[in-house]
1. Ranking request for peptides 221-231, 246-256: highest mean number of other beta-carbon atoms within 10 Å first, then the rest in descending order.
2. Pull out a ≥ b ≥ c, the square roots of the eigenvalues of the alpha-carbon gyration tensor of the stretch 16-84, then state rounded if a/c is under 1.5, prolate if not and a/b is larger than b/c, and oblate in the remaining case.
3. Please label the shape of the stretch 156-220 as rounded, prolate or oblate, based on the square roots a ≥ b ≥ c of the eigenvalues of the alpha-carbon gyration tensor (a/c under 1.5 means rounded; beyond that, a/b larger than b/c means prolate, else oblate).
4. In the stretch 127-263, what percent of the accessible surface is made up of carbon and sulfur (1.4 Å probe, ligands and nucleic acids excluded)?
5. Give me the percent of DSSP beta bridges within the stretch 6-86 that run antiparallel, rounded to the nearest 5.
6. FRET efficiency for THR144 and ARG254, Cβ-Cβ distance as r, R0 = 25 Å, nearest 0.05?
7. Please give the FRET efficiency for ASP210 paired with ARG57, using the beta carbon to beta carbon distance and R0 = 25 Å, rounded to the nearest 0.05.
8. Could you order the peptides 16-24, 138-146, 159-167 from most to least packed, using the average number of other C-beta atoms within 10 Å per residue?
Amino acid sequence: MHAQIVLFDGFDPLDAIAPFEVLSAGGVAAHGQLTVELVSAEGPREVVSGTGGLALRTTAALDPARPGLILLPGASGRIGALDTEVAPQPDADAEPQLGSDADADADADVDPQLGSGPDPDGSHHALGPKEAESIPVLLGRTLTTDLPALLKAAMENPEITVTTVCGGSALLAMAGLIEGRHATTHHLGLDLLDATGTHAVDARIVDDGDLVTGAGVTSGLDLALYLLERELGPRIAHAVEALFAYERRGTVWRNTGPEPAAF
């Protein structure tokens with residue numbers, strides 16, 4: 001099995017690195033049955049995250065025809081009201097509605113590679129917390145790349161399970177790819193999922209078959225451990241838990257069983 005972890009400009013490093021380490025360790029524990037790779041829509045390149053200008057290098061282009069797992073992180077930047085700052089995008093080819101006029105003015109002088117901004121002499125410097133772009137703007141900008149079309153093709157492939165951490169599910173929702181599905185995201189983005197027709201679930205991990213989503217950034221650890229258990233078995237997942245001195249949190253939500261009574 002192969003796992004493709006997708007990076008885009010402004011991604012959240014912890015969303016990507018925590019699953020990368022867990023899945024990589026799982027591959028070792030499973031005698032090479034799982035391999036992991038960092039990819040982007042554009043192919044091999046340096047991708048600048050939204051945290052302090054930290055950059056990671058992808059080694060390949062996202063391949064929506066390759067069976068296995070695809071993991072989509074969220075973005076890292078200023079916290080914005082996701083349900084008001086970015087309008088949902090039902091069409092992956094539609095022009096994204098980014099932020100307010102104030103956001104547009106504030107972002108006009110920001111380099112497209114998040115994490116650096118122009119100095120008067122033309123050089124670049126790392127963006128400080130007050131200069132960083134907002135998460136909704138970063139996610140909206142990603143909709144103008146080839147990534148939504150690649151993700152759409154991946155979600156139509158029955159041999160692929162698409163997974164997300166934090167705002168990754170919001171990106172799918174904004175691209176109109178998970179309407180009617182059950183998913184979770186960071187608690188500040190649950191209203192956005194609802195607004196796009198996604199059934200938002202306030203849970204740490206939501207398993208909706210070939211769509212598995214995680215909540216806030218640290219849920220990437222839990223998501224990856226759950227994927228190890230689901231795909232390679234509980235003994236592999238337990239071995240990685242012991243190696244990392246971390247125990248998975250929460251109950252994985254699935255749309256099965258009786259409807260609970262109100263408390």
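The values are calculated or read from the model by the stated rules, or taken from the named source; none is laboratory data. The structure presented is a predicted model; accordingly, all values stated were derived computationally and were not measured. Methodologically, a virtual Cβ is constructed for each residue, glycine included, from the backbone with ideal geometry; neighbour enumeration extends over all protein chains shown. Just the protein is used for accessible areas: all its heavy atoms, side chains included, with ligands, DNA and RNA removed. Shrake-Rupley method; radii C 1.70, N 1.55, O 1.52, S 1.80 Å.
1. Going from most to least packed, we get 221-231, 246-256.
2. Taking the square roots of the gyration eigenvalues as a ≥ b ≥ c, the stretch 16-84 is prolate.
3. Note, shape of the stretch 156-220 comes out oblate.
4. 53
5. Looking only at bridges with both residues in the stretch 6-86, the antiparallel portion is about 60 percent.
6. With R0 = 25 Å, the Cβ-Cβ based efficiency is 0.15.
7. Taking R0 as 25 Å, the efficiency between ASP210 and ARG57 is 0.30.
8. 159-167, 16-24, 138-146
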